[in-house]
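What follows is one structure encoded as structure tokens, with my remarks underneath.
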Amino acid sequence: MDIIKIKNLKILAKHGVYDFEKDKEGLFELDIEMFLSLKKPAKSDKLEDTVNYGEAISLITSVFTEKCYSLIEAVAEKICFELLDYYPIKKVLIRIRKPHAPISANLDTVEVELVREKF
């Protein structure tokens, strides 16, 4: 199986459990891996035979910013569902990092990772 990766997509959004997180945008970082066969586009050299990266990024950004979620787990699930529904991919892996998470600890970031498959 082949993979198309989008690495470290940065999106401003208002996700979080606390009211102050929903009042001010924070910068989130996303990695997306879409698993599919790339044999056809490798032979045809045609965009319509693969996932259009720009279109996929627009979809991801739209879903990520359409509403305020309390948990990044919830928005990650929604993005996985939309990608699997819209594109001919078999599996998607998403990582969402929240470097500004309101935690009193010396850390770089917190991250969730979800893997979802089309059945």
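The values are calculated or read from the model by the stated rules, or taken from the named source; none is laboratory data. Computed from a prediction, not measured in an experiment: that's the story for all the values here. No Cβ is skipped: glycine too gets one built from the backbone with ideal geometry, and neighbour counts run over all protein chains shown. For the accessible areas, the whole protein counts, side chains as well, though only heavy atoms, and no ligand, DNA or RNA atoms are used. Shrake-Rupley method; radii C 1.70, N 1.55, O 1.52, S 1.80 Å.
A few remarks follow.
- The residue that is farthest from Leu9 (Cα to Cα), counting only those in segment 41-91 that are open to solvent by 90 Å² or more (accessible area, probe 1.4 Å) and in a helix (DSSP H, G or I), is Lys43.
- Here segment 3-28 is the region considered, the condition is being farther than 19 Å from Gly54 by Cβ and part of a strand (DSSP E or B), and the residue that is farthest from the chain's Cα centre (by Cα) is Gly26.
- Members of segment 95-109 found to be open to solvent by less than 40 Å² (accessible area, probe 1.4 Å) and either within 16 Å of Asp2 (Cα to Cα) or assigned to a loop (DSSP other than H, G, I, E, B) (or both), listed by number: Lys98, Ala101
- Members of segment 110-119 that are in a loop (DSSP other than H, G, I, E, B) and surrounded by 12 or more Cβ atoms within 10 Å (Cβ to Cβ): Val110, Lys118
- Segment 10-40: number of residues that are open to solvent by 20 Å² or more (accessible area, probe 1.4 Å) and either within 11 Å of Lys98 (Cα to Cα) or not aromatic (Phe, Trp, Tyr) (or both): 17
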